[in-house]
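Student: After the structure tokens below, expect a handful of questions from me.
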Amino acid sequence: MGYSTQRKSKFYAKEVYGICKIPTNYAGSCPAPQTTEYTKNILPEMFYGFYNADNGGSGFDIGIRLDTGGSWVAFAYGTSGILAQADAKATFKSALSPGNTIYMKLWIQSGKVYLNVSKTGYEGTDLLNSPFQVGISNTTFANRANSGAAGYKINRELAIANGSAVANTYETSGCYMLNAEFLQHGYVTTSGQTYIWTDANSAVHLASSQEAFLPSNTATGRIIRIRKDYAQVNTNRIKVLSRTDGANGATEKVSIDFRSTPQI
């Protein structure tokens, strides 16, 4: 459950990489202990989804999210039977701060998904000694990454997610994330073809009366999907503040605000 913006790859792929900016201001709710209270979480997230179909299907999300005490962690969460750990996370060696620029690289290889996060570059070890990794328990799904195989539809999302236990109250929970950014990105197919993630290399989302879209809700638009899970999105709560498109890749800057009076 929650709100998010979503951009999806036009082509199936096995790897994605990109530059991101941590929100300039943010707040979440993450009660302890996690073993029993995780369904009450309301947390800013910046993540990527790897799925086996154009419109969802089976797969997993992997990226970074806010955690207990206001620190950012790496995380992965999969649909039933896909990942060896349904909800995995890893802490960083040093803290991420508001407005930090980071590099994220994600790929699937030999039955595992890998994520590296760094302030210095795609191979940097300043935040993780080695890439965060989670096993893929579904062999058929894992094999989609093999050379010449189908690959995955990859999406990138800026979100505030919440547990089902707070489904009716999270929109006025006081949680927010301001000015989160996805900057230049690329993705790589199973045949080794690299695509710069421009608007032209983004999929067009299916129309929905419950959602909003950019550049527009037309047959040639709907590149960025603005959504609330399973309900009508309130566009006073989520805004795409800016978006660009160019040879180095498309960008989007997003704010989501669950304060009583949104300030976006």
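Student: Looking at segment 190-201, I want the residues that are farther than 18 Å from Glu252 by Cα and free of Cβ contacts under 8 Å to residues at least 12 places away in the same chain and have a partner that is β-branched (Val, Ile, Thr) and surrounded by 11 or more Cβ atoms within 10 Å (Cβ to Cβ) with Cβ atoms under 8 Å, at least 6 apart or on another chain. Which pairs are those?
Tutor: Thr194/Val188
Student: Considering each residue of segment 115-151, count those that are surrounded by 22 or more Cβ atoms within 10 Å (Cβ to Cβ) and among the small types (Gly, Ala, Ser), and give that number.
Tutor: 2
Student: Which of the residues that make up segment 37-86 are touching a Cys at 6+ places or on another chain (Cβ under 8 Å) and under 17 Å from Ile256 (Cβ atoms)?
Tutor: Those that are touching a Cys at 6+ places or on another chain (Cβ under 8 Å) and under 17 Å from Ile256 (Cβ atoms): Asn41, Ile42, Leu43, Pro44, Met46, Leu66.
Student: Need pairs with beta-carbon distance below 9 Å; first residue within 16 Å of Lys21 (Cα to Cα) and within segment 238-253, second part of a loop (DSSP other than H, G, I, E, B) and modelled with pLDDT under 95; sequence gap 6+ or separate chains.
Tutor: Final answer for the pair search is Arg243/Pro215.
Student: For segment 193-207, how many residues are in a loop (DSSP other than H, G, I, E, B) and either polar (S, T, N, Q) or farther than 15 Å from Tyr152 by Cβ (or both)?
Tutor: Going through segment 193-207 one residue at a time, the tally reaches 9.
Student: Given the options Ile42, Ile19, name the one that is buried (at least 21 other Cβ atoms within 10 Å of the Cβ) and among the β-branched types (Val, Ile, Thr).
Tutor: One residue alone meets the criteria, Ile42.
Student: Looking at segment 91-114 only, could you name the residues that are out of contact with any helix residue (DSSP H, G or I) (no Cβ under 7 Å at 6 or more places or on another chain), crowded, with 18+ Cβ neighbours inside 10 Å and not aromatic (Phe, Trp, Tyr)?
Tutor: Ile102, Met104, Lys105, Leu106, Val113
The values are calculated or read from the model by the stated rules, or taken from the named source; none is laboratory data. The structure displayed is predicted, hence computed values, not measured ones. Please note: Cβ atoms are built from the backbone with ideal geometry, for glycine as well, and neighbour counts cover all protein chains shown.
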